[in-house]
Amino acid sequence: MEKLLTRIAWFVGLVLVQVLFLNHICWFGVATPFLYIYLLLIIDRDIDRNVLMLLAFAMGLSVDVFCNTFGVNAAACVLLAFLRPWLIRICAPRDEFENFEPGIQTLGIWSFFRYALLATLIHHTALFFLESFSVRHIGFVFLRIVFSALLTLMMVMAVDFVRNRR
Amino acid sequence: MSTIFQFFYKHLHWLVFIVLEIICFVLLFSYNSYQGSIYLSTANSVTARLLSGKSRVNSYFALADDNAVLVEQNARLKERVFELEQMLSAQLQDSMANAISSEWISRAGYHVTGAKVVDNSINKTNNFITIDKGTAEGLAPDMGVIGTDGAVGVVYKCSEHYSLVLPLLNGKSNLSCKVLNSDYFGFLRWEGGDARYAILHDMPRYAVVNVGDTIVTSGHSSFFPDGIVVGRVEELHPSADGLYVTLRVALSTDFARLHHAFVLRKMDAAELAALKETLNPKKAKRK
């Protein structure tokens, strides 16, 4: 029960931070952080895949509503949620029988970094290609993917670091 | 039978994944035609209220700049009013000029509604602007929107108290523009990237255009009256077939700092007739 409440708090908090502040960041005209995917990264490994996808859909759609992107964020998040079990498997090679929440503490800093990097790249690639929906400005889209992913990754690592310090 | 169920259960996540992605794509492609989609945008009352609360906080930080701009604009408007009043009284040569109230200082035939920008983006391929006026204030889709410095865009969808504006910085925007003091016109589109520039297509090759010329609305669309400033010519590029010239236009509106917008509402026929009558009282009397 307590876990559910914390998750709801994370959900609301991350969506609010995303739509009120982060969406308006656009460093050098290319980099926008999408920190809200952090929740999809840290939810415990053994969560039902379908539940995770529904959660991702709800989260993406709430962000979509605030940036007039009509399903783009939702599509990218569902894709990330769908691929997540596979990501965890390749980034945390040791066989854990017990359930755990992916994070710096449980995976170690490098494994978590790899995991977050792959997740961010998958999400951002889907997001920016769906958003521009053309190959005309493919160079610019790649630039946005790379630099936004860097910014998101930095924030994800920072938030996870601070969370574990407490 | 049970093996079939087992099979489905085992692969349920594929089904959920595909269904959810299909929903996303339907949203992505149908929001244009489906009027209900206004609820999935920043113009629905919950999101708009949240964002307007935030923009109210943010606007305090821009107050000094905003004031300077407004004062400057007021001064220019006053100047224009005096000029027009003078012209008018010279024309009418009677006391009619006093009756010309501020109600229609706006370009003849258009009502002007001031609105605050609640939400704005410049970093996407399809940007939108949300303003805090809606159907309750008489707004409707396809009305022109201008800022303090020039054209901004066109009203796209309205809820009761908020509207979504399709700005020039949207891939779907397509505005008919011309070079000031000439009749050559072309279409202004934004191709993504830098929010300060847009491209004017289909200008005939033989049109006399120079770098630095002012680009204004052509009046061929019903959204804008003739002659609203859009931008300045920055570069000229001949098209591949040599028939047209493409212009890179520096937009006069700074979309990154847009806080106020004015919606232009065309008067209906009856209102227009009444206005014309007050403008030409002599003609009306003679009849």
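The residues of the stretch A:74-100 that are of a type outside the set (S, T, N, Q), over 24 Å from A:L150 (Cβ atoms) and at pLDDT below 85, listed by number, are A:P93, A:R94, A:D95, A:E96, A:F97, A:E98, A:F100.
Of all residues in the stretch B:108-124, those that are assigned to a strand (DSSP E or B) and within 13 Å of another protein chain (Cβ to nearest Cβ) total 4. Apart from one condition, B:K283 fits all of (1) closer than 18 Å to B:L180 by Cβ; (2) at pLDDT below 75; the exception is (1).
Screening A:A149 against (1) within 24 Å of A:V19 (Cβ to Cβ); (2) within 13 Å of chain B (Cβ to nearest Cβ) leaves a single unmet condition, (2). Of everything in the stretch A:16-54 that is within 12 Å of the chain's Cα centre (by Cα) and free of Cβ contacts under 8 Å to residues at least 60 places away in the same chain, the residue that is surrounded by the fewest Cβ atoms within 10 Å (Cβ to Cβ) is A:L39. Criterion applied to B:S52, B:S37 was being within 14 Å of another protein chain (Cβ to nearest Cβ) and at pLDDT 75 or above, and the one residue passing it is B:S52. I'm checking my understanding of the structure. Among residues of the stretch B:170-195 that are under 15 Å from B:N210 (Cα atoms) and free of Cβ contacts under 8 Å to residues at least 40 places away in the same chain, which one is farthest from the other protein chains (Cβ to nearest Cβ)? The selected residue is B:N181. Residue under question is B:Y162, and the condition is that it be within 14 Å of another protein chain (Cβ to nearest Cβ) and over 21 Å from A:T32 (Cβ atoms); does it hold? Criteria met by B:Y162.
Checked against (1) farther than 18 Å from A:Y38 by Cα; (2) surrounded by fewer than 17 Cβ atoms within 10 Å (Cβ to Cβ), A:V141 passes all but a single condition, namely (2).
Go through the stretch B:125-221 and tell me which strands (runs of 3 or more DSSP E), entirely inside it, have 3 or more residues that are aliphatic (A, V, I, L, M).
Details: elements: B:129-131, B:144-146, B:151-158, B:163-167, B:175-179, B:185-189, B:197-204, B:214-217.
Counting at least 3 such residues, we get B:151-158, B:163-167, B:197-204.
Scanning the stretch A:130-152 for residues that are among the hydrophobic types (A, V, I, L, M, F, W, C), free of Cβ contacts under 8 Å to residues at least 40 places away in the same chain and out of contact with any Phe, Trp or Tyr (no Cβ under 6 Å at 6 or more places or on another chain) gives A:F133, A:V135, A:I138, A:F142, A:V146, A:A149. Residue-level check: of (1) under 17 Å from B:L258 (Cβ atoms); (2) away from every other protein chain (no Cβ under 14 Å), B:G153 misses just (2).
The set of residues in the stretch A:57-88 that are small (G, A, S) and farther than 24 Å from B:F128 by Cβ contains only A:A81. Is it the case that the stretch A:17-34 has a residue that's closer than 21 Å to A:M155 by Cβ, polar (S, T, N, Q) and more than 8 Å from chain B (Cβ to nearest Cβ)? Yes, the stretch A:17-34 contains at least one residue that is closer than 21 Å to A:M155 by Cβ, polar (S, T, N, Q) and more than 8 Å from chain B (Cβ to nearest Cβ). Within the stretch A:48-58, identify whether any single residue is acidic (D, E) and more than 9 Å from every other protein chain (Cβ to nearest Cβ), and answer yes or no. No - not one qualifying residue is present in the stretch A:48-58.
The values are calculated or read from the model by the stated rules, or taken from the named source; none is laboratory data. Not measured: the values here are computed from a predicted model. Methodologically, a virtual Cβ is constructed for each residue, glycine included, from the backbone with ideal geometry; neighbour enumeration extends over all protein chains shown.
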